[in-house]
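Engineer: Shown below is the structure under consideration.
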Amino acid sequence: MKILKEIPEEVNKKPIDFLKWLGDTSIIKTSEEENSEVIISCLVHGMEPSGYYATHKFLKKIKHEEIRLKKPVSFIFVNVKAALKKPYFTHRFLKDQMDMNRIWVDTGEFERQNFKVFKIKEHIINEKPKLLVDFHNTSAKNPAFIVSPTNNLNTIKLASTLVKNVIQIEWLGTLAKFASNYCDSFVLECGKYNSKKSHEMAYEALEKIMIYQDVMDGKINLGTEILISKNTQKITLPDYTSFNFSKQNTGEDIVLMPGIENYNFKELKTGTIIGWENKKGTIKSDFLEVKDGMIMTTDKEFMFNMLTDNTNIIRSDVLGYTTVFQKIRF
Ligand SMILES: [Zn+2]
């Protein structure tokens, strides 16, 4: 584990080579002089690289004095080992690890991983930052959004400069939830993990965060409107459910419309068809109903998020989430 108090020369390497040089969980503080005003974390999940690319680019610019920071900032590279497992950026975590975003309150099963978490916690507590932002990506296609453990106005204002949607959820055991005991803290989901657009979004967000926190000079405008989503409910399919994606009912237990990812974060009309249910009682949601075998939205106000067409995720975890939302205008 590397803990550095200045940006190393090696930052000039290509992103993947710099990551290899880091080799494992690392912390880089831009300067030793004062406490870190802001902490940025990335690669809590090894397959979510947008925050890493953004951080690497940002550190390089500071090193080359294209960016001047008024106060120190810390960057935490969390699960570097998982990111480096080939093919690069495809492993959420490794076999001898737990999900690195579940072990920040109760410790995990693996000693080595717990030690890294302990060192990062210690850093956060010692630095007394005003803000911690944890950069992630989604596996599904989503516009960028924020997941916040709290709904304090400062977070919402900063959020409005970055995204249109904030999901308020406690998400126990996460790094952001842990950090929220000490400072403002949230997760920035930069969009799909393998999209160049997500990486660009992450970089822009990083600069805006620094400007908002007055770590860096520059101008940003607050957003005009933001949607705060609450009461997140999971939609899961029971084990052994057969399913398919098709525009027609092909007879499996559940048939879903292709492109359901496009329904994320949209206010859908009542009766929007999501697919077909051929085995009664498979889909359970307060916001969906089945009529003549068709699964459709009810007249309740809600939004989907993180709906995915990734069969592995649907099988092992979740089809998507629903939330109710509230609009805030500035
Ligand atoms: Zn993640």
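Engineer: Which of (1) assigned to a loop (DSSP other than H, G, I, E, B); (2) surrounded by fewer than 19 Cβ atoms within 10 Å (Cβ to Cβ); (3) in contact (Cβ under 8 Å) with a residue 60 or more places away in the chain; (4) not β-branched (Val, Ile, Thr) is the odd one out, the single condition GLU170 does not satisfy?
Structural biologist: GLU170 satisfies all of (1) assigned to a loop (DSSP other than H, G, I, E, B); (2) surrounded by fewer than 19 Cβ atoms within 10 Å (Cβ to Cβ); (3) in contact (Cβ under 8 Å) with a residue 60 or more places away in the chain; (4) not β-branched (Val, Ile, Thr) except (3).
Engineer: Return the only residue of GLN326, GLN248 being in a strand (DSSP E or B) and not basic (Lys, Arg). Quick ask: steps written out before the conclusion?
Structural biologist: Details: GLN248 fails: in a strand (DSSP E or B).
Answer to the check: GLN326.
Conditions tested, residue by residue: (1) out of contact with any helix residue (DSSP H, G or I) (no Cβ under 7 Å at 6 or more places or on another chain); (2) within 24 Å of GLU189 (Cβ to Cβ); (3) away from the ligand (no atom under 16 Å from the Cβ).
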site: HIS64; (1), (2), (3): yes, no, yes
site: LEU69; (1), (2), (3): no, no, yes
site: ASN79; (1), (2), (3): yes, yes, no
site: LYS86; (1), (2), (3): yes, no, yes
site: THR90; (1), (2), (3): yes, yes, no
site: LYS95; (1), (2), (3): yes, no, yes
site: ILE103; (1), (2), (3): no, yes, no
site: ASN126; (1), (2), (3): yes, no, yes
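Results for (1) in contact with a Phe, Trp or Tyr (Cβ under 8 Å, 6 or more places away or on another chain); (2) farther than 20 Å from PRO238 by Cβ, shown as yes or no for each residue.
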| residue | (1), (2) |
| --- | --- |
| ASN262 | no, yes |
| GLU277 | no, no |
| LYS280 | no, no |
| THR297 | yes, yes |
| PHE304 | yes, no |
| LEU307 | yes, no |
| GLY320 | yes, no |
| PHE325 | yes, yes |
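Engineer: In this structure, does LYS197 turn out to be more than 15 Å from the ligand (Cβ to nearest atom), surrounded by fewer than 21 Cβ atoms within 10 Å (Cβ to Cβ), over 16 Å from the mean Cα position of the chain (by Cα) and modelled with pLDDT of 95 or more? Before the answer, list the steps.
Structural biologist: Details: more than 15 Å from the ligand (Cβ to nearest atom): yes; surrounded by fewer than 21 Cβ atoms within 10 Å (Cβ to Cβ): yes; over 16 Å from the mean Cα position of the chain (by Cα): no; modelled with pLDDT of 95 or more: yes.
The answer is no for LYS197.
Engineer: Can you confirm whether region 148-155 contains a residue that is of a type in the set (Gly, Ala, Ser), outside any helix (DSSP H, G or I) and within 16 Å of the ligand (Cβ to nearest atom)?
Structural biologist: First, the residues of region 148-155 that are of a type in the set (Gly, Ala, Ser): 148.
Now narrow it down to the ones that are outside any helix (DSSP H, G or I): 148.
Filter again for within 16 Å of the ligand (Cβ to nearest atom), leaving 148.
Yes, region 148-155 has at least one match.
Engineer: If TRP276 passes every condition in (1) touching a residue at least 40 places away in the same chain (Cβ under 8 Å); (2) farther than 30 Å from ASN221 by Cα; (3) of a type in the set (Phe, Trp, Tyr) but one, which one does it miss?
Structural biologist: It fails just one condition, (1).
Engineer: Being over 26 Å from the mean Cα position of the chain (by Cα) and outside any loop (DSSP other than H, G, I, E, B) is the filter here; which residues of region 251-260 pass it?
Structural biologist: From region 251-260, those over 26 Å from the mean Cα position of the chain (by Cα) are 251-255; that's our starting set.
Within region 251-260, ILE254, VAL255 qualify.
Engineer: Quick check on ASP299: is it touching a residue at least 40 places away in the same chain (Cβ under 8 Å), within 30 Å of ASN151 (Cβ to Cβ) and either among the acidic types (Asp, Glu) or assigned by TED's automatic domain parsing to the domain that holds ILE156 (or both)?
Structural biologist: Details: touching a residue at least 40 places away in the same chain (Cβ under 8 Å): no; within 30 Å of ASN151 (Cβ to Cβ): yes; either among the acidic types (Asp, Glu) or assigned by TED's automatic domain parsing to the domain that holds ILE156 (or both): yes.
The answer is no for ASP299.
Engineer: Tell me, yes or no, whether region 174-186 has at least one residue that is part of a helix (DSSP H, G or I), outside the structural domain of PRO258 (by TED's automatic domain parsing) and either within 13 Å of the ligand (Cβ to nearest atom) or free of Cβ contacts under 8 Å to residues at least 24 places away in the same chain (or both). Break it down stepwise before answering.
Structural biologist: Of the residues in region 174-186, the ones part of a helix (DSSP H, G or I) are 175-179.
If we keep only those that are outside the structural domain of PRO258 (by TED's automatic domain parsing) too, we end up with 175-179.
Subsequent filtering for residues that are either within 13 Å of the ligand (Cβ to nearest atom) or free of Cβ contacts under 8 Å to residues at least 24 places away in the same chain (or both) retains 175-176.
Yes, some residue in region 174-186 is part of a helix (DSSP H, G or I), outside the structural domain of PRO258 (by TED's automatic domain parsing) and either within 13 Å of the ligand (Cβ to nearest atom) or free of Cβ contacts under 8 Å to residues at least 24 places away in the same chain (or both).
Engineer: Which one is surrounded by the fewest Cβ atoms within 10 Å (Cβ to Cβ), of the residues in region 152-167 that are within 19 Å of ILE39 (Cα to Cα) and out of contact with any Phe, Trp or Tyr (no Cβ under 8 Å at 6 or more places or on another chain)? First the steps, then the outcome.
Structural biologist: If we filter region 152-167 for residues that are within 19 Å of ILE39 (Cα to Cα), which is where we start, we get 152, 154-159, 161-162.
Keeping just the survivors that are out of contact with any Phe, Trp or Tyr (no Cβ under 8 Å at 6 or more places or on another chain) gives 152, 154, 156, 162.
Details: ASN152: 10, ASN154: 12, ILE156: 21, LEU162: 24.
Only one residue tops the list, namely ASN152.
Engineer: If I ask for residues that are part of a loop (DSSP other than H, G, I, E, B), loosely packed, with under 12 Cβ neighbours inside 10 Å and at negative phi, which ones from region 263-300 would you list? Reasoning before the result, please.
Structural biologist: Going through region 263-300, the residues part of a loop (DSSP other than H, G, I, E, B) turn out to be 265-272, 278-287, 292-293, 298-300.
With loosely packed, with under 12 Cβ neighbours inside 10 Å added as a condition, the list becomes 267, 269-270, 280-281, 292, 299.
The answer is GLU267, LYS269, THR270, LYS280, ASP299.
Engineer: Determine whether SER160 is in a helix (DSSP H, G or I), within 30 Å of PHE287 (Cα to Cα) and in contact (Cβ under 8 Å) with a residue 24 or more places away in the chain.
Structural biologist: On the way: in a helix (DSSP H, G or I): yes; within 30 Å of PHE287 (Cα to Cα): yes; in contact (Cβ under 8 Å) with a residue 24 or more places away in the chain: yes.
Considered against the rule, which asks whether it is in a helix (DSSP H, G or I), within 30 Å of PHE287 (Cα to Cα) and in contact (Cβ under 8 Å) with a residue 24 or more places away in the chain, SER160 comes out as yes.
Engineer: Could you say whether any residue in region 104-111 is assigned by TED's automatic domain parsing to the domain that holds ASN194, part of a helix (DSSP H, G or I) and over 30 Å from LEU319 (Cα atoms)?
Structural biologist: If we filter region 104-111 for residues that are assigned by TED's automatic domain parsing to the domain that holds ASN194, which is where we start, we get 104-111.
Then keep just the ones that are part of a helix (DSSP H, G or I); that gives 111.
From what's left, over 30 Å from LEU319 (Cα atoms): 111.
Yes, region 104-111 contains a residue that is assigned by TED's automatic domain parsing to the domain that holds ASN194, part of a helix (DSSP H, G or I) and over 30 Å from LEU319 (Cα atoms).
The values are calculated or read from the model by the stated rules, or taken from the named source; none is laboratory data. In this text, all values refer to a predicted model and were calculated from it rather than measured experimentally. Neighbour counts run over all protein chains shown; Cβ positions are idealised from the backbone, glycine included.
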